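The values are calculated or read from the model by the stated rules, or taken from the named source; none is laboratory data. In this text the structure is predicted, and so the values were computed from the model without any measurement. Here Cβ is always computed from backbone atoms with ideal geometry, including for glycine, and neighbour counts include all displayed protein chains.
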Amino acid sequence: MQVPVTASSKEKTKDPKQRSLRLIYAGLILSALMLAGSGVWYIAVTGLVGLKKWDFDAYGVRPMILAVCGGALLILTLLCYFVHPALRNRSHRLALDLWKDRYRYSLILPGLIVVFVFSYMPMYGIILGFKDYKIKSGIMFSQWVGTYHFERFFRSPVAGQTIWNTFFIGITQLIITFPVPIILALLMNELRSTAFRRTIQTIIYLPHFISWVIMYSLLFSLFSITSGLVNKLLMSLGSPAINLLSDPNKFYGMLYSTSIWKEAGWGTIIYMAAIAGVDQEMYEAAYLDGANRWQQCIHITLPSIAFAITTMLILNVGSVMGANFDQIMNLRTAATQTTVAQVIDTYVYDMGVGKGQYDLSTAIGLFQQIVNCILLFVSNYVVKKMSGEGFF
């Protein structure tokens, strides 16, 4: 006689597996907290004690013990996951997957190591923004000062103008330059001659590979007051010279025009790739229904590349506070560097590299990245609500 299996008996059979998984998750979380806590403990103690009074036996042993315990717990948790009888099927599938794709994972591993070493490990330097940094004491043993550097920046007379310049340049450059690659991609899509389209693509891609240093050299050779080719020609015709490089009123126009000339063509690559993926049968059906090229572009091409547009828009909004440092740094002059060309990035450079105030520049950079992160999430939320498509 077969015994019927009830819902309660099913739950009981699943209990050991679920309990084991919960214990594994708890062990992973606890080990991560222990490792992170030991690091925070050690960093906090070094800044409080200072280099002169530092004694590893008195202050550093206990955080190290906590780190060793966290590492041991992590190793034991992983071992339990792979040897526990209740989790054998799950862990066996994971082991088979790792072994099956071992060559793919081995290709990914160097990239992960590079990202970790050069992108994550240096992040501990963020604590400079909360310390009175002394080169002799180093980052770890410099004294904590809390939010002093943030208050110092916001109370400075240049803070308001610097933040405003950064926002103004970032937003206006986004509004003016963002649609240009989309328009160029749509126009190139309408070209019938493949050879002519490739020629145009090559020509508009080339400026991307010219550095901003060379760009400024070209502008200087053309618009220098004393030796510029354009100004010499104008003066020979009796017209006044154009003070493009040193006039604050002309700086924004120079910024937008050079940005479009240099990056608009390169920005079409993503949109051209998205257009290439549009189903050609939709164009044929629209043509049979009497739609002209303009109507096909508006009602088929643009909606088909909407996701690419929204993705690029979100990423660009997320970097509004990060005005193009290379561009502004090379195009600014003595007449504009403290006025219209003074943005957060250049101010961080002036304070950090120029004056050696690494703690202040770190605090300002941290503020900038926090604002960029907020803008990224807000823009993604707004775009997702409006169009139904978001980056994440």
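Here is a yes/no grid of residues against (1) in contact with a helix residue (DSSP H, G or I) (Cβ under 8 Å, 6 or more places away or on another chain); (2) within 26 Å of residue 173 (Cβ to Cβ); (3) not charged (D, E, K, R):
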position: 226; (1), (2), (3): no, no, yes
position: 236; (1), (2), (3): no, no, yes
position: 263; (1), (2), (3): yes, yes, no
position: 271; (1), (2), (3): yes, yes, yes
position: 275; (1), (2), (3): yes, yes, yes
position: 292; (1), (2), (3): no, no, yes
position: 296; (1), (2), (3): yes, no, yes
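Of everything in region 210-226 that is surrounded by 11 or more Cβ atoms within 10 Å (Cβ to Cβ) and assigned to a loop (DSSP other than H, G, I, E, B), the residue that is farthest from the chain's Cα centre (by Cα) is 225. For region 81-89, check the following and say yes or no: at least one residue is surrounded by fewer than 16 Cβ atoms within 10 Å (Cβ to Cβ), polar (S, T, N, Q) and not in a helix (DSSP H, G or I). Among the residues of region 81-89, not one is surrounded by fewer than 16 Cβ atoms within 10 Å (Cβ to Cβ), polar (S, T, N, Q) and not in a helix (DSSP H, G or I), which makes the answer no.
In region 90-139, of all residues being in contact (Cβ under 8 Å) with a residue 60 or more places away in the chain and small (Gly, Ala, Ser), the one that is surrounded by the fewest Cβ atoms within 10 Å (Cβ to Cβ) corresponds to 138. Applying the condition of being farther than 15 Å from residue 171 by Cα and either surrounded by 18 or more Cβ atoms within 10 Å (Cβ to Cβ) or aromatic (Phe, Trp, Tyr) (or both) to region 243-259 and asking which residue is farthest from the chain's Cα centre (by Cα) yields 244. Only residues that are at pLDDT below 80 and of a type outside the set (Asp, Glu) were counted across region 3-54, and they come to 13.
Taking the criterion of being assigned to a helix (DSSP H, G or I) and of a type in the set (A, V, I, L, M), the residues of region 282-294 that qualify are 282, 285, 286, 288.
None of 169, 108, 113 is in the same structural domain as residue 279 (by TED's automatic domain parsing) and over 22 Å from residue 356 (Cα atoms) except 169. Residues of region 51-70 include at least one that is surrounded by fewer than 16 Cβ atoms within 10 Å (Cβ to Cβ), in a loop (DSSP other than H, G, I, E, B) and of a type in the set (Lys, Arg).
The single condition from (1) small (Gly, Ala, Ser); (2) free of Cβ contacts under 8 Å to residues at least 24 places away in the same chain; (3) under 30 Å from residue 293 (Cα atoms); (4) surrounded by 15 or more Cβ atoms within 10 Å (Cβ to Cβ) that residue 185 fails is (2). When each of 339, 333, 301 is tested for being in contact with a Pro (Cβ under 6 Å, 6 or more places away or on another chain) and β-branched (Val, Ile, Thr), the lone residue that passes is 339. Taking (1) assigned to a helix (DSSP H, G or I); (2) surrounded by fewer than 16 Cβ atoms within 10 Å (Cβ to Cβ) in turn, residue 240 satisfies each apart from (1).
Meeting the requirement of 3 or more residues that are within 27 Å of residue 189 (Cβ to Cβ), the helices (runs of 4 or more DSSP H) wholly within region 295-352 are 306-317.
Yes/no matrix, rows are residues, columns are (1) closer than 30 Å to residue 385 by Cα; (2) without any contact (Cβ under 8 Å) to a residue 12 or more places away in the chain:
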site	(1), (2)
263	yes, no
274	yes, no
288	no, yes
329	no, no
